[in-house]
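A.B. asks: Have a look at the structure that comes next, please.
The values are calculated or read from the model by the stated rules, or taken from the named source; none is laboratory data. Just so we're clear, the structure is a prediction, and the values are computed from it rather than from any experiment. Cβ coordinates were reconstructed from backbone atoms using ideal geometry, including for glycine residues, and neighbour counts include every protein chain displayed.
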Amino acid sequence: MKIKYSIFDRFRIPAYDKSSQMQTGDLIFDPEKCNGCGTCVQICPGGCLLTETTTKVDILSGKAKGGKYGVPHVVQMKKGATLCIACFDCGTACPRGAISIKHNFNPGYHFKRLTQTSDMRYPKRG
Ligand code: SF4
Ligand code: SF4
């Protein structure tokens with residue numbers, strides 16, 4: 001269904017954690033392909049990836065060493081709301097092609113015009 005926006009939508013700010021107003025990003029990690037290298041956790045600009053065994057802070061500080069960090073997941077800040085903006089930096093950097101987008105970051109109201117749409121294509125490693 002195509003949503004029609006009015007002039008008033010330009011002045012409305014969607015609530016980040018209300019799924020009716022803001023769809024945050026979500027990803028699928030293929031455990032068969034992922035080798036737990038931690039690259040995606042390190043580079044995520046939203047800081048929203050974690051694994052069962054370590055955090056981004058532990059990886060960057062050197063506290064967690066060895067490179068077998070487990071399969072990451074996107075942390076939910078609230079039910080259905082993550083900090084993922086679906087930029088796909090993680091998927092582009094993943095050496096195993098283990099990440100795909102489940103759904104995009106897609107705010108309602110006027111922000112929708114400034115962000116991704118479902119038509120957007122993500123860069124892939126060659
Ligand atoms: S970059 Fe890819 S292989 Fe490495 S931990 Fe992330 S999903 Fe797994
Ligand atoms: S898509 Fe971007 S914000 Fe979302 S987890 Fe990957 S790097 Fe982080």
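A.B. asks: Among the residues of region 20-51 satisfying the criterion of being touching a residue at least 60 places away in the same chain (Cβ under 8 Å) and touching a strand residue (DSSP E or B) at 6+ places or on another chain (Cβ under 7 Å), which is surrounded by the most Cβ atoms within 10 Å (Cβ to Cβ)?
C.D. replies: The residue in question is Thr24.
A.B. asks: Then there's this: Sort through Lys79, Lys102, Lys112, Lys33 and tell me the only one that's basic (Lys, Arg), at pLDDT 85 or above and either within 29 Å of Ser6 (Cβ to Cβ) or more than 16 Å from ligand 1 (Cβ to nearest atom) (or both).
C.D. replies: Values: Lys102 fails: either within 29 Å of Ser6 (Cβ to Cβ) or more than 16 Å from ligand 1 (Cβ to nearest atom) (or both); Lys112 fails: at pLDDT 85 or above; Lys33 fails: either within 29 Å of Ser6 (Cβ to Cβ) or more than 16 Å from ligand 1 (Cβ to nearest atom) (or both).
Of the residues listed, the single one that is basic (Lys, Arg), at pLDDT 85 or above and either within 29 Å of Ser6 (Cβ to Cβ) or more than 16 Å from ligand 1 (Cβ to nearest atom) (or both) is Lys79.
A.B. asks: Search region 77-100 for residues that are within 6 Å of ligand 2 (Cβ to nearest atom) and pair each with any residue that is assigned to a helix (DSSP H, G or I) when their beta-carbon atoms are under 7 Å apart and the residues are at least 6 apart or on different chains.
C.D. replies: Asp89/Ile43; Cys90/Cys40; Cys90/Ile43
A.B. asks: All but one of (1) at pLDDT 85 or above; (2) within 11 Å of ligand 1 (Cβ to nearest atom); (3) surrounded by 13 or more Cβ atoms within 10 Å (Cβ to Cβ) hold for Thr54; which doesn't?
C.D. replies: The number of the failed condition is (1).
A.B. asks: Also, I was wondering about something else. For region 57-82, what are the residues that are more than 30 Å from Pro107 (Cα to Cα), surrounded by fewer than 18 Cβ atoms within 10 Å (Cβ to Cβ) and of a type in the set (A, V, I, L, M, F, W, C)?
C.D. replies: Once the filter is applied, which keeps residues that are more than 30 Å from Pro107 (Cα to Cα), surrounded by fewer than 18 Cβ atoms within 10 Å (Cβ to Cβ) and of a type in the set (A, V, I, L, M, F, W, C), region 57-82 yields only Leu60.
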